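Please read the structure below before turning to the comments.
The values are calculated or read from the model by the stated rules, or taken from the named source; none is laboratory data. Note that the structure is predicted; figures quoted are calculated from it, not measured. Glycine gets a Cβ as well: all are built from the backbone with ideal geometry, and neighbour counts include every protein chain shown. Please note that ligands, DNA and RNA were not included when accessible areas were found on the heavy atoms of the full protein model with its side chains. Shrake-Rupley method; radii C 1.70, N 1.55, O 1.52, S 1.80 Å.
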Amino acid sequence: MSTAHPRAAGAPEPPLAVLLEVTHRCPLQCPYCSNPLALERASAELETADWQRVIDQAAALGALQVHFSGGEPMSRKDLVPLVRHATQRQLYTNLITSAVLLDEVRLGELKDAGLEHVQISFQDTQAQGADHIAGLAGAHQRKLEAARLVKAAGLALTLNFVIHRHNAERAAAMVALGAALGAGRIEMAHTQYYGWGLRNRDALLPSRAQLDAVTAVVEAARTEHQGRLVIDYVVPDYYAHRPKACMSGWGRRFMNISPSGRALPCHAAETLPGMDFPSVREHSLQDIWYESPAFQRFRGTQWMPDPCRSCERRELDWGGCRCQAFALTGDAARTDPACALSADHPLMAAAVRAAAGPPPPFAYRRYSEASAR
Amino acid sequence: MSAAGQDTAVPRLAPGVKFRFDEVRQAWVLLAPERLFLPDEQAVEILKLVDGARSVAAIVADLAERFEAPPELIAGDVGAMLQDLAGKGAIRL
(Lines give C-alpha, C1' and ligand atoms only; values in the text may rest on other atoms or scores of the structure.)
Protein backbone atom coordinates (compact mmCIF):
# COMPACT_ATOMS: atom_id res chain seq x y z
CA MET A 1 0.00 0.00 0.00
CA SER A 2 1.33 3.38 -0.91
CA THR A 3 1.69 6.10 1.64
CA ALA A 4 2.39 8.62 -1.09
CA HIS A 5 1.04 12.09 -0.66
CA PRO A 6 -0.73 13.35 -3.78
CA ARG A 7 1.55 16.05 -5.11
CA ALA A 8 0.66 18.89 -7.40
CA ALA A 9 2.39 19.15 -10.75
CA GLY A 10 5.66 21.01 -10.34
CA ALA A 11 5.88 20.20 -6.65
CA PRO A 12 9.31 19.20 -5.36
CA GLU A 13 10.42 15.61 -5.07
CA PRO A 14 10.42 14.11 -1.57
CA PRO A 15 13.66 14.48 0.38
CA LEU A 16 16.22 11.71 -0.02
CA ALA A 17 17.66 12.01 3.47
CA VAL A 18 16.87 13.53 6.83
CA LEU A 19 19.65 14.42 9.23
CA LEU A 20 18.70 14.28 12.90
CA GLU A 21 20.96 16.43 15.06
CA VAL A 22 19.68 14.70 18.16
CA THR A 23 21.88 16.76 20.47
CA HIS A 24 24.55 19.46 20.42
CA ARG A 25 26.31 17.89 23.40
CA CYS A 26 29.70 16.47 22.43
CA PRO A 27 32.91 15.44 24.22
CA LEU A 28 34.91 17.02 21.39
CA GLN A 29 35.49 20.71 20.73
CA CYS A 30 36.60 20.82 17.08
CA PRO A 31 36.98 24.44 15.98
CA TYR A 32 35.29 23.78 12.61
CA CYS A 33 32.17 22.09 13.99
CA SER A 34 29.15 22.38 11.68
CA ASN A 35 26.88 23.13 14.63
CA PRO A 36 25.77 26.74 15.00
CA LEU A 37 27.60 29.14 17.28
CA ALA A 38 24.40 29.23 19.34
CA LEU A 39 24.56 25.69 20.75
CA GLU A 40 21.39 24.23 22.20
CA ARG A 41 21.32 22.89 25.75
CA ALA A 42 20.15 19.41 26.75
CA SER A 43 17.01 20.92 28.32
CA ALA A 44 15.91 22.19 24.89
CA GLU A 45 16.22 18.81 23.15
CA LEU A 46 13.26 16.89 21.77
CA GLU A 47 11.95 13.92 23.76
CA THR A 48 12.19 10.34 22.52
CA ALA A 49 8.55 10.33 21.40
CA ASP A 50 9.14 13.50 19.37
CA TRP A 51 12.06 11.92 17.51
CA GLN A 52 10.02 8.77 16.90
CA ARG A 53 7.24 10.87 15.39
CA VAL A 54 9.79 12.69 13.21
CA ILE A 55 11.14 9.33 12.01
CA ASP A 56 7.61 8.11 11.18
CA GLN A 57 6.91 11.30 9.23
CA ALA A 58 10.26 11.18 7.43
CA ALA A 59 9.53 7.66 6.20
CA ALA A 60 6.00 8.58 5.10
CA LEU A 61 7.35 11.64 3.29
CA GLY A 62 9.72 9.47 1.26
CA ALA A 63 13.09 9.98 2.94
CA LEU A 64 15.26 6.92 2.31
CA GLN A 65 18.09 7.53 4.71
CA VAL A 66 18.28 8.89 8.22
CA HIS A 67 21.55 10.22 9.60
CA PHE A 68 21.88 10.23 13.38
CA SER A 69 24.20 13.12 14.08
CA GLY A 70 24.90 15.85 16.60
CA GLY A 71 26.89 16.94 18.53
CA GLU A 72 27.68 13.45 19.54
CA PRO A 73 24.52 11.37 18.96
CA MET A 74 25.74 8.76 21.42
CA SER A 75 25.30 11.37 24.14
CA ARG A 76 21.57 10.57 23.86
CA LYS A 77 20.54 7.65 26.06
CA ASP A 78 17.74 6.74 23.63
CA LEU A 79 19.88 6.39 20.52
CA VAL A 80 19.43 2.61 20.29
CA PRO A 81 15.61 2.71 20.40
CA LEU A 82 15.63 5.55 17.88
CA VAL A 83 17.78 3.54 15.47
CA ARG A 84 15.47 0.57 15.96
CA HIS A 85 12.48 2.78 15.23
CA ALA A 86 14.06 3.99 11.98
CA THR A 87 14.92 0.42 10.97
CA GLN A 88 11.33 -0.62 11.50
CA ARG A 89 10.29 2.14 9.10
CA GLN A 90 12.72 0.70 6.51
CA LEU A 91 14.94 3.77 6.68
CA TYR A 92 18.64 3.24 5.97
CA THR A 93 20.43 4.24 9.16
CA ASN A 94 23.75 6.07 9.42
CA LEU A 95 25.51 6.93 12.66
CA ILE A 96 27.74 10.00 12.36
CA THR A 97 29.90 9.91 15.44
CA SER A 98 33.13 10.98 17.09
CA ALA A 99 33.23 7.35 18.33
CA VAL A 100 34.82 8.27 21.67
CA LEU A 101 31.72 6.90 23.46
CA LEU A 102 31.51 3.77 21.28
CA ASP A 103 32.39 0.50 22.97
CA GLU A 104 31.68 -3.13 22.09
CA VAL A 105 28.47 -3.32 24.14
CA ARG A 106 26.84 -0.21 22.68
CA LEU A 107 27.94 -1.14 19.18
CA GLY A 108 26.34 -4.53 19.60
CA GLU A 109 23.10 -2.89 20.71
CA LEU A 110 23.16 -0.55 17.72
CA LYS A 111 23.82 -3.39 15.32
CA ASP A 112 20.96 -5.41 16.81
CA ALA A 113 18.76 -2.34 16.35
CA GLY A 114 19.52 -2.48 12.62
CA LEU A 115 22.25 0.13 12.20
CA GLU A 116 23.75 -0.14 8.70
CA HIS A 117 26.69 2.21 8.66
CA VAL A 118 29.02 4.11 10.97
CA GLN A 119 30.88 7.27 10.01
CA ILE A 120 33.73 8.08 12.39
CA SER A 121 35.33 11.51 12.41
CA PHE A 122 39.12 11.63 12.54
CA GLN A 123 40.90 14.91 13.13
CA ASP A 124 44.31 13.84 11.81
CA THR A 125 46.36 10.67 11.39
CA GLN A 126 48.74 11.56 14.21
CA ALA A 127 47.42 11.36 17.76
CA GLN A 128 49.01 14.55 19.05
CA GLY A 129 47.68 16.79 16.30
CA ALA A 130 44.33 15.00 16.24
CA ASP A 131 43.76 15.39 19.97
CA HIS A 132 44.78 19.04 19.77
CA ILE A 133 42.05 19.70 17.18
CA ALA A 134 39.48 17.64 19.09
CA GLY A 135 40.37 19.33 22.36
CA LEU A 136 40.31 15.92 24.05
CA ALA A 137 43.34 13.90 25.12
CA GLY A 138 43.24 10.25 24.06
CA ALA A 139 40.45 10.79 21.52
CA HIS A 140 42.42 9.56 18.49
CA GLN A 141 43.34 6.24 20.10
CA ARG A 142 39.71 5.62 21.10
CA LYS A 143 38.60 6.29 17.54
CA LEU A 144 41.07 3.77 16.16
CA GLU A 145 39.76 1.14 18.57
CA ALA A 146 36.15 1.99 17.72
CA ALA A 147 36.83 1.72 13.98
CA ARG A 148 38.21 -1.79 14.48
CA LEU A 149 35.10 -2.73 16.48
CA VAL A 150 32.85 -1.46 13.68
CA LYS A 151 34.70 -3.58 11.13
CA ALA A 152 34.70 -6.61 13.41
CA ALA A 153 30.93 -6.23 13.81
CA GLY A 154 30.52 -6.37 10.03
CA LEU A 155 29.09 -2.87 9.67
CA ALA A 156 29.98 -0.53 6.83
CA LEU A 157 32.59 2.02 7.91
CA THR A 158 33.34 5.55 6.68
CA LEU A 159 36.22 7.67 7.91
CA ASN A 160 35.61 11.40 7.85
CA PHE A 161 38.52 13.81 7.74
CA VAL A 162 37.96 17.55 7.88
CA ILE A 163 40.96 19.10 6.15
CA HIS A 164 42.63 22.42 6.96
CA ARG A 165 46.08 23.99 7.08
CA HIS A 166 47.19 21.92 10.09
CA ASN A 167 46.57 18.45 8.63
CA ALA A 168 46.61 18.89 4.83
CA GLU A 169 50.09 17.37 4.60
CA ARG A 170 48.71 14.04 5.88
CA ALA A 171 46.21 13.56 3.04
CA ALA A 172 47.97 10.43 1.77
CA ALA A 173 48.20 9.06 5.31
CA MET A 174 44.43 9.63 5.71
CA VAL A 175 43.72 7.43 2.70
CA ALA A 176 46.19 4.83 3.98
CA LEU A 177 44.53 4.80 7.40
CA GLY A 178 41.11 4.30 5.83
CA ALA A 179 42.38 1.42 3.74
CA ALA A 180 44.18 -0.14 6.71
CA LEU A 181 41.04 0.05 8.87
CA GLY A 182 38.93 -1.54 6.13
CA ALA A 183 36.72 1.47 5.48
CA GLY A 184 34.53 1.28 2.38
CA ARG A 185 34.38 5.03 2.15
CA ILE A 186 36.43 8.07 3.14
CA GLU A 187 35.24 11.64 3.26
CA MET A 188 38.07 14.06 2.57
CA ALA A 189 36.19 17.24 3.28
CA HIS A 190 37.91 20.57 3.45
CA THR A 191 36.54 22.76 6.21
CA GLN A 192 33.42 24.65 5.21
CA TYR A 193 33.59 28.15 6.58
CA TYR A 194 30.31 28.77 8.36
CA GLY A 195 29.65 29.14 12.08
CA TRP A 196 32.64 27.81 14.00
CA GLY A 197 34.66 27.31 10.83
CA LEU A 198 34.15 30.95 9.84
CA ARG A 199 35.06 32.14 13.32
CA ASN A 200 38.30 30.12 12.99
CA ARG A 201 38.92 30.83 9.32
CA ASP A 202 42.31 32.49 9.77
CA ALA A 203 43.44 29.52 11.88
CA LEU A 204 42.22 26.87 9.40
CA LEU A 205 42.22 28.07 5.78
CA PRO A 206 44.84 26.14 3.77
CA SER A 207 47.05 27.70 1.15
CA ARG A 208 46.43 27.16 -2.55
CA ALA A 209 49.51 24.91 -2.66
CA GLN A 210 48.12 22.78 0.18
CA LEU A 211 44.75 22.48 -1.54
CA ASP A 212 46.35 21.43 -4.84
CA ALA A 213 48.49 18.83 -3.10
CA VAL A 214 45.47 17.30 -1.35
CA THR A 215 43.52 17.25 -4.61
CA ALA A 216 46.36 15.40 -6.34
CA VAL A 217 46.47 12.82 -3.53
CA VAL A 218 42.71 12.25 -3.79
CA GLU A 219 42.79 11.83 -7.57
CA ALA A 220 45.60 9.27 -7.39
CA ALA A 221 43.95 7.41 -4.50
CA ARG A 222 40.63 7.16 -6.33
CA THR A 223 42.36 5.35 -9.19
CA GLU A 224 44.39 3.13 -6.89
CA HIS A 225 41.42 2.08 -4.74
CA GLN A 226 38.62 2.09 -7.32
CA GLY A 227 35.84 -0.36 -6.52
CA ARG A 228 37.12 -0.92 -2.96
CA LEU A 229 37.23 2.49 -1.38
CA VAL A 230 34.90 5.35 -2.26
CA ILE A 231 36.52 8.73 -1.68
CA ASP A 232 34.18 11.70 -1.42
CA TYR A 233 36.07 14.96 -1.76
CA VAL A 234 34.86 18.42 -0.80
CA VAL A 235 36.95 21.47 -1.62
CA PRO A 236 36.99 24.82 0.18
CA ASP A 237 35.09 27.56 -1.63
CA TYR A 238 37.85 30.11 -1.28
CA TYR A 239 39.83 29.04 -4.34
CA ALA A 240 36.81 28.19 -6.50
CA HIS A 241 35.52 29.94 -9.61
CA ARG A 242 32.03 28.49 -9.36
CA PRO A 243 30.04 27.78 -6.20
CA LYS A 244 29.21 24.32 -4.96
CA ALA A 245 25.65 23.03 -5.28
CA CYS A 246 25.13 23.52 -1.57
CA MET A 247 22.85 20.76 -0.20
CA SER A 248 22.07 19.97 -3.89
CA GLY A 249 19.86 23.04 -3.71
CA TRP A 250 17.76 24.55 -0.93
CA GLY A 251 14.89 22.25 0.04
CA ARG A 252 15.50 19.86 -2.86
CA ARG A 253 17.02 16.71 -1.34
CA PHE A 254 17.61 17.20 2.33
CA MET A 255 16.11 18.18 5.63
CA ASN A 256 17.96 18.81 8.90
CA ILE A 257 16.29 18.70 12.31
CA SER A 258 18.01 20.61 15.12
CA PRO A 259 18.12 19.21 18.68
CA SER A 260 15.14 21.35 19.70
CA GLY A 261 13.16 20.36 16.61
CA ARG A 262 13.68 23.18 14.14
CA ALA A 263 13.47 21.91 10.56
CA LEU A 264 16.23 23.38 8.41
CA PRO A 265 17.31 23.05 4.77
CA CYS A 266 20.95 22.83 5.95
CA HIS A 267 23.05 22.75 9.12
CA ALA A 268 23.81 26.45 9.11
CA ALA A 269 20.46 27.89 8.02
CA GLU A 270 19.61 29.26 11.46
CA THR A 271 22.28 31.91 10.89
CA LEU A 272 20.02 33.54 8.29
CA PRO A 273 18.04 36.50 9.61
CA GLY A 274 14.34 36.97 9.06
CA MET A 275 13.66 33.29 8.53
CA ASP A 276 11.01 31.46 10.54
CA PHE A 277 12.10 27.84 10.55
CA PRO A 278 9.17 25.61 11.51
CA SER A 279 9.31 23.33 14.53
CA VAL A 280 8.48 19.64 14.34
CA ARG A 281 6.68 20.17 17.65
CA GLU A 282 4.03 22.15 15.76
CA HIS A 283 4.17 20.98 12.15
CA SER A 284 4.45 17.68 10.28
CA LEU A 285 7.47 17.07 8.06
CA GLN A 286 5.03 16.79 5.17
CA ASP A 287 3.73 20.33 5.75
CA ILE A 288 7.22 21.67 6.38
CA TRP A 289 8.62 20.19 3.16
CA TYR A 290 5.78 21.14 0.84
CA GLU A 291 4.10 24.14 2.47
CA SER A 292 6.43 26.09 4.76
CA PRO A 293 7.66 29.48 3.51
CA ALA A 294 11.14 28.70 4.88
CA PHE A 295 11.66 25.65 2.64
CA GLN A 296 10.30 27.53 -0.38
CA ARG A 297 12.27 30.73 0.19
CA PHE A 298 15.35 29.72 -1.86
CA ARG A 299 14.00 26.58 -3.54
CA GLY A 300 14.44 26.35 -7.31
CA THR A 301 15.45 29.38 -9.37
CA GLN A 302 12.67 31.95 -8.92
CA TRP A 303 14.41 33.73 -6.04
CA MET A 304 17.64 34.24 -7.95
CA PRO A 305 19.22 37.61 -8.71
CA ASP A 306 21.55 38.16 -11.64
CA PRO A 307 24.04 36.79 -12.57
CA CYS A 308 22.42 33.51 -11.34
CA ARG A 309 19.02 34.13 -12.94
CA SER A 310 20.33 33.98 -16.50
CA CYS A 311 23.23 31.59 -15.83
CA GLU A 312 23.33 28.29 -17.69
CA ARG A 313 24.54 26.66 -14.45
CA ARG A 314 21.56 27.83 -12.36
CA GLU A 315 20.14 24.30 -12.11
CA LEU A 316 23.57 22.79 -11.52
CA ASP A 317 24.78 24.85 -8.57
CA TRP A 318 21.43 26.39 -7.54
CA GLY A 319 23.17 29.68 -6.81
CA GLY A 320 25.59 28.16 -4.30
CA CYS A 321 25.27 28.61 -0.57
CA ARG A 322 22.76 31.01 1.04
CA CYS A 323 24.53 30.94 4.40
CA GLN A 324 27.85 31.87 2.80
CA ALA A 325 26.23 34.67 0.83
CA PHE A 326 24.80 36.06 4.06
CA ALA A 327 27.91 35.52 6.16
CA LEU A 328 30.19 37.30 3.69
CA THR A 329 27.89 39.94 2.15
CA GLY A 330 25.12 40.43 4.71
CA ASP A 331 22.46 39.44 2.13
CA ALA A 332 21.32 35.82 1.91
CA ALA A 333 19.71 36.42 -1.50
CA ARG A 334 22.90 37.49 -3.27
CA THR A 335 24.94 35.22 -5.50
CA ASP A 336 27.40 33.11 -3.50
CA PRO A 337 30.69 35.07 -3.46
CA ALA A 338 32.45 31.81 -4.37
CA CYS A 339 31.26 32.47 -7.93
CA ALA A 340 33.69 34.46 -10.06
CA LEU A 341 30.66 36.10 -11.69
CA SER A 342 29.65 37.61 -8.33
CA ALA A 343 30.55 41.24 -7.68
CA ASP A 344 31.52 40.05 -4.20
CA HIS A 345 34.04 37.47 -5.43
CA PRO A 346 37.09 39.58 -4.37
CA LEU A 347 36.03 38.88 -0.76
CA MET A 348 37.36 35.34 -1.18
CA ALA A 349 40.85 36.41 -2.25
CA ALA A 350 40.89 38.96 0.56
CA ALA A 351 40.13 36.20 3.07
CA VAL A 352 42.96 34.09 1.66
CA ARG A 353 45.35 37.02 2.10
CA ALA A 354 44.12 37.61 5.65
CA ALA A 355 44.80 33.96 6.54
CA ALA A 356 48.29 33.90 5.03
CA GLY A 357 50.10 34.83 8.24
CA PRO A 358 50.88 32.71 11.29
CA PRO A 359 47.66 30.97 12.42
CA PRO A 360 45.92 32.42 15.48
CA PRO A 361 44.85 30.07 18.31
CA PHE A 362 41.58 28.16 17.92
CA ALA A 363 38.28 29.32 19.33
CA TYR A 364 37.16 25.89 20.44
CA ARG A 365 33.58 24.79 20.01
CA ARG A 366 32.25 24.79 23.56
CA TYR A 367 29.27 26.18 25.39
CA SER A 368 31.35 28.84 27.11
CA GLU A 369 32.42 30.17 23.69
CA ALA A 370 28.95 29.87 22.22
CA SER A 371 26.82 32.89 21.53
CA ALA A 372 23.66 33.36 23.56
CA ARG A 373 20.27 32.58 22.07
CA MET B 1 38.99 -8.15 -8.72
CA SER B 2 37.49 -10.42 -11.33
CA ALA B 3 35.91 -8.91 -14.40
CA ALA B 4 32.17 -9.03 -14.92
CA GLY B 5 32.96 -10.66 -18.23
CA GLN B 6 33.96 -13.76 -16.29
CA ASP B 7 30.81 -15.80 -16.28
CA THR B 8 31.63 -17.59 -13.06
CA ALA B 9 31.93 -14.38 -11.01
CA VAL B 10 29.21 -14.12 -8.37
CA PRO B 11 28.22 -10.48 -7.87
CA ARG B 12 26.92 -9.39 -4.49
CA LEU B 13 25.97 -6.12 -2.87
CA ALA B 14 28.88 -4.39 -1.13
CA PRO B 15 28.82 -4.20 2.68
CA GLY B 16 26.16 -1.80 3.91
CA VAL B 17 24.31 -1.74 0.58
CA LYS B 18 20.58 -2.48 0.42
CA PHE B 19 18.23 -2.86 -2.53
CA ARG B 20 14.56 -2.34 -1.79
CA PHE B 21 11.26 -1.10 -3.17
CA ASP B 22 10.19 2.35 -2.06
CA GLU B 23 6.44 2.68 -1.69
CA VAL B 24 6.44 6.47 -1.81
CA ARG B 25 8.23 6.69 -5.17
CA GLN B 26 6.86 3.35 -6.39
CA ALA B 27 10.41 2.57 -7.47
CA TRP B 28 13.35 0.37 -6.54
CA VAL B 29 16.22 2.11 -4.77
CA LEU B 30 19.80 1.05 -4.03
CA LEU B 31 20.90 2.40 -0.66
CA ALA B 32 24.55 2.67 0.36
CA PRO B 33 26.44 4.46 3.14
CA GLU B 34 25.32 8.08 2.79
CA ARG B 35 24.69 7.58 -0.92
CA LEU B 36 21.88 6.21 -2.97
CA PHE B 37 21.15 5.22 -6.54
CA LEU B 38 17.85 5.25 -8.39
CA PRO B 39 18.41 2.45 -10.95
CA ASP B 40 16.58 2.42 -14.28
CA GLU B 41 14.24 -0.43 -15.26
CA GLN B 42 16.94 -2.52 -16.88
CA ALA B 43 19.27 -2.14 -13.90
CA VAL B 44 16.42 -3.06 -11.55
CA GLU B 45 15.87 -6.38 -13.36
CA ILE B 46 19.59 -7.16 -13.06
CA LEU B 47 19.83 -6.10 -9.42
CA LYS B 48 16.88 -8.32 -8.48
CA LEU B 49 19.08 -11.26 -9.47
CA VAL B 50 22.17 -10.11 -7.55
CA ASP B 51 21.77 -12.32 -4.50
CA GLY B 52 25.30 -13.46 -3.74
CA ALA B 53 24.50 -16.92 -5.13
CA ARG B 54 23.82 -16.48 -8.86
CA SER B 55 26.81 -16.14 -11.18
CA VAL B 56 26.97 -13.57 -13.96
CA ALA B 57 26.23 -16.40 -16.39
CA ALA B 58 23.14 -17.43 -14.45
CA ILE B 59 21.89 -13.83 -14.36
CA VAL B 60 22.40 -13.48 -18.12
CA ALA B 61 20.63 -16.79 -18.81
CA ASP B 62 17.67 -15.83 -16.64
CA LEU B 63 17.22 -12.44 -18.31
CA ALA B 64 17.76 -13.80 -21.83
CA GLU B 65 15.01 -16.34 -21.32
CA ARG B 66 12.50 -14.03 -19.67
CA PHE B 67 13.00 -11.15 -22.10
CA GLU B 68 13.51 -13.42 -25.13
CA ALA B 69 16.69 -11.60 -26.09
CA PRO B 70 20.04 -12.87 -27.44
CA PRO B 71 22.33 -13.86 -24.52
CA GLU B 72 25.28 -11.98 -26.09
CA LEU B 73 23.30 -8.76 -26.05
CA ILE B 74 22.15 -9.31 -22.46
CA ALA B 75 25.68 -10.24 -21.38
CA GLY B 76 26.98 -6.92 -22.66
CA ASP B 77 24.33 -4.94 -20.78
CA VAL B 78 24.76 -6.94 -17.57
CA GLY B 79 28.55 -6.64 -17.68
CA ALA B 80 28.49 -2.89 -18.26
CA MET B 81 25.97 -2.26 -15.53
CA LEU B 82 27.74 -4.44 -12.94
CA GLN B 83 31.11 -2.87 -13.76
CA ASP B 84 29.60 0.58 -13.39
CA LEU B 85 28.16 -0.16 -9.95
CA ALA B 86 31.33 -1.98 -8.90
CA GLY B 87 33.34 1.12 -9.79
CA LYS B 88 31.03 3.13 -7.56
CA GLY B 89 31.56 0.69 -4.71
CA ALA B 90 27.96 -0.57 -4.59
CA ILE B 91 28.66 -4.08 -5.92
CA ARG B 92 31.48 -6.53 -5.40
CA LEU B 93 32.43 -8.88 -8.22
With the requirement that a residue be more than 10 Å from chain B (Cβ to nearest Cβ) and aliphatic (A, V, I, L, M), what does region A:219-241 give you? A:A220, A:A221, A:V234, A:V235, A:A240
Filter region A:358-368 down to the residues that are touching a residue at least 40 places away in the same chain (Cβ under 8 Å) and not basic (K, R), then identify the one that is most open to solvent (accessible area, probe 1.4 Å). A:P361
Being under 30 Å from A:L159 (Cβ atoms) and not in a loop (DSSP other than H, G, I, E, B): is that true of B:V29 here? yes
A:R228 fails exactly one of (1) open to solvent by less than 20 Å² (accessible area, probe 1.4 Å); (2) touching a residue at least 24 places away in the same chain (Cβ under 8 Å); (3) assigned to a loop (DSSP other than H, G, I, E, B), namely (1)
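So that you can scan it fast, the table gives a plain yes or no per residue for (1) touching a residue at least 60 places away in the same chain (Cβ under 8 Å); (2) part of a loop (DSSP other than H, G, I, E, B); (3) away from chain B (no Cβ under 12 Å):
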{"position": "A:Q52", "(1), (2), (3)": "no, no, yes"}
{"position": "A:R84", "(1), (2), (3)": "no, no, yes"}
{"position": "A:Q90", "(1), (2), (3)": "no, yes, no"}
{"position": "A:V118", "(1), (2), (3)": "no, no, no"}
{"position": "A:H132", "(1), (2), (3)": "no, no, yes"}
{"position": "A:G154", "(1), (2), (3)": "no, yes, no"}
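Conditions tested, residue by residue: (1) among the acidic types (D, E); (2) farther than 27 Å from A:P31 by Cα.
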| residue | (1), (2) |
| --- | --- |
| A:G300 | no, yes |
| A:P305 | no, yes |
| A:R314 | no, yes |
| A:W318 | no, yes |
| A:R322 | no, no |
| A:T329 | no, no |
| A:L347 | no, no |
| A:P361 | no, no |
| A:E369 | yes, no |
Checked pairs for region B:31-55, first within 14 Å of chain A (Cβ to nearest Cβ), second polar (S, T, N, Q), C-beta under 6 Å and 6 or more apart or across chains, list as B:P33/A:T158; B:E34/A:N94
Need at least 3 residues that are crowded, with 16+ Cβ neighbours inside 10 Å per element, so show me which helices (runs of 4 or more DSSP H) inside region A:249-354 make the cut, counting only ones lying wholly within it. A:285-291, A:293-296, A:322-329, A:346-354
Which one is farthest from A:V22 (Cα to Cα), of the residues in region A:40-63 that are among the aliphatic types (A, V, I, L, M) and open to solvent by 10 Å² or more (accessible area, probe 1.4 Å)? A:A60
Pull up region B:44-65, narrow it to residues that are more than 20 Å from B:F21 (Cβ to Cβ) and not in a loop (DSSP other than H, G, I, E, B), then point me to the one that is farthest from the chain's Cα centre (by Cα). B:E65
Need pairs with beta-carbon distance below 7 Å; first residue under 24 Å from A:K151 (Cβ atoms) and more than 7 Å from chain A (Cβ to nearest Cβ) and within region B:12-25, second surrounded by fewer than 18 Cβ atoms within 10 Å (Cβ to Cβ) and among the polar types (S, T, N, Q); sequence gap 6+ or separate chains. none
Report whether or not A:R297 is over 15 Å from the mean Cα position of the chain (by Cα) and either of a type outside the set (S, T, N, Q) or under 21 Å from A:H190 (Cβ atoms) (or both). yes
Could you check region A:67-82 and list, in sequence order, the residues that are open to solvent by less than 10 Å² (accessible area, probe 1.4 Å) and in a helix (DSSP H, G or I)? A:P73, A:M74, A:L79, A:L82
Restricting to region A:92-116, count the residues that are more than 14 Å from chain B (Cβ to nearest Cβ), within 30 Å of A:F362 (Cβ to Cβ) and open to solvent by less than 20 Å² (accessible area, probe 1.4 Å). 4
Does region A:142-150 include one or more residues that are crowded, with 22+ Cβ neighbours inside 10 Å, in contact with a His (Cβ under 8 Å, 6 or more places away or on another chain), in contact (Cβ under 8 Å) with a residue 40 or more places away in the chain and of a type outside the set (S, T, N, Q)? no
Can you tell me which residue is farthest from B:V10 (Cα to Cα) among those in region B:67-79 that are open to solvent by 40 Å² or more (accessible area, probe 1.4 Å) and either outside any helix (DSSP H, G or I) or touching a residue at least 12 places away in the same chain (Cβ under 8 Å) (or both)? B:E68
For A:A179, are the conditions met, namely being in a helix (DSSP H, G or I), open to solvent by 30 Å² or more (accessible area, probe 1.4 Å) and either within 14 Å of chain B (Cβ to nearest Cβ) or touching a helix residue (DSSP H, G or I) at 6+ places or on another chain (Cβ under 6 Å) (or both)? yes
B:I59 - would you say it is without any contact (Cβ under 8 Å) to a residue 40 or more places away in the chain and either over 24 Å from A:E13 (Cβ atoms) or within 14 Å of chain A (Cβ to nearest Cβ) (or both)? no
